[in-house]
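Presented below is the structure to which this report refers.
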Amino acid sequence: MSRFVNVALGQLGPIQRTDSRQQVVSRLCALMREAHALGAHLIVFPELALTTFFPRWYIEDEEDINSFFEREMPSAATQPLFDLARELGMGFYLGYAELAQEQGKAVRYNTSIIVNRQGEIIGKYRKVHLPGHAEHEPWRRFQHLEKRYFTPGNHFGVTPAFGGIFGMAICNDRRWAETYRAMGLQGVEMVLIGYNTPVHNAPAPQHDDLSLFQNQLSMQAGAYQNGTWVVGVAKAGLEEGVDSIGGSCIVAPSGEVVARCITKGDEVAIARCDLDFCAIYKRTTFNFDLHRRPEAYGLLVERKGETLAADGTAVGVLNAP
Ligand code: CDT
């Protein structure tokens, strides 16, 4: 028996600072309609998909900063996307800047959600690996101030969705082996990832020519080494003078790319993904119970739901398998 999910890449071209939420949401709705016409059950949109990638600017005014954030989801501006999802029977992943209230204090996160085919939010994730810097660095051509504007999330969970086990990550998370492994240990079958990746990396400009290669390399390795589908979606192109990579793609548990966008604009590409294709990898080469050696990997190790110190004494309990 197979469990197929038809997954669409909902790649976005640039969003300029003056573009309104309504304009962006109507672009997202157009992509969703196109994906639906192609038979998609789920469309994946980029990181911070509702606005321009504002961490490229050093902004001091708190109200200016907050103008890029959502206080509620759905909001009046994003409700049409949820309504369309329900009407078409399509799920979606959406990245956005979240302004949360915690113990009476405002906290800012780089967030994504999974919405089911009834238009309901069934999972929320807050970006764990925040790249860049926290202080203004005028020597750069443009800033990457995620460490200034966001508080990091602290958990990679999984969610039952679309007949399988789904996980989320955001942009820089995709470069870290731990991202996939944390969810792989929970049996993840499809990891959804939105990203904004400038071609130019100021601290290491010698890597600029490798940016597309390293994007795909990270997701192919994560997929194969954990026996999971990986879906990565860009906000691409020349946004406020900064060029960002495209290269949105769907990677099978074999590590093979099965669908890919070829422009740097708004574009849909689709693949029919069999979630049961994960099992052969999870049962053989990457059978964690049989072959992993966590006791050799560091000071703290996990085994059968327990966290053990290096000497083998239990020090805590992880998510039970
Ligand atoms: N958005 C995001 O996480 N972008 C980073 C750029 C790294 S350069 C500071 C990425 O890893 O793609």
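Readers should treat all values here as calculations from the given coordinates under stated rules, not as data from a laboratory. Please read all numbers here as calculations on a predicted model, not as lab measurements. Cβ placement follows ideal geometry from the backbone for every residue including glycine, while neighbour counts extend to all protein chains displayed.
Okay, here's what the table says:
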quantity: Surface/4 of the Cα convex hull for the stretch 83-122, nm²; calculated: 3.2 nm²
quantity: DSSP-assigned coil residues among chymotrypsin sites (Phe, Trp or Tyr not before Pro) in the stretch 90-161, each with at most 11 further Cβ atoms within 10 Å; calculated: W139
quantity: Within the chain, percent of DSSP bridges classed antiparallel, to nearest 5; calculated: 70 percent
quantity: Phi-based couplings in Hz for the stretch 284-290 (Karplus 6.51, -1.76, 1.60; Gly and Pro marked x); calculated: 10, 4, 10, 6, 4, 4, 7
quantity: Extension reserve of the H136-V258 stretch, reckoned as 0.36 nm per residue once the Cα distance is removed; calculated: 39.9 nm
quantity: Inter-label distance, nm, simple model (7 Å from Cα along the C-beta direction), Q214/I121; calculated: 3.3 nm
quantity: Cβ-defined net charge surrounding A35, 12 Å radius [Lys, Arg +1; Asp, Glu -1]; calculated: -2
quantity: The chain: calculated mean residue ellipticity at 222 nm from DSSP helix runs of at least 4, using -39500 (n - 2.57); calculated: -6000 deg cm²/dmol
quantity: Qualifying trypsin sites (Lys or Arg not before Pro) for the stretch 31-105 [loop in DSSP, other Cβ within 10 Å: at most 16]; calculated: R71
quantity: From phi via Karplus (6.51, -1.76, 1.60), per-residue ³J(HN,Hα) for the stretch 230-247 in Hz, x at Gly/Pro; calculated: 10, 10, x, 10, 8, 9, 10, x, 8, 10, 6, x, 10, 8, 10, 5, x, x
quantity: Gained length - Q101 relative to N287, 0.36 nm times residue gap less alpha-carbon distance; calculated: 62.8 nm
quantity: For the stretch 209-279, convex hull of alpha carbons as volume per residue, Å³; calculated: 76 Å³
quantity: Lysine pairs within the chain, Cα separation less than 29 Å, 8 or more sequence positions apart or different chains; calculated: 17
quantity: The chain: most fluctuating residue of D61, D19, D83 per GNM, C-alpha cutoff 10 Å; calculated: D61
quantity: Surrounding net charge for I270, when Lys and Arg each add one and Asp and Glu each subtract one, Cβ distance under 12 Å; calculated: 0
quantity: Qualifying trypsin sites (Lys or Arg not before Pro) for the stretch 215-306 [loop in DSSP, other Cβ within 10 Å: at most 15]; calculated: K304
quantity: Tail beyond 34 Å, pair distance distribution of the stretch 4-286 (Cα, percent); calculated: 13 percent
quantity: Sequence of M73, M168 once ranked by neighbouring C-beta atoms within 10 Å, starting from the fewest; calculated: M73, M168
quantity: Residue-wise HN-Hα coupling along the stretch 138-145, computed from phi with Karplus coefficients 6.51, -1.76, 1.60 (Hz; x: Gly, Pro); calculated: x, 5, 6, 5, 8, 7, 9, 9
quantity: Amide H within-cut-off set for S244, under 5 Å, with H built and near neighbours excluded; calculated: V199, G237, L238, E239
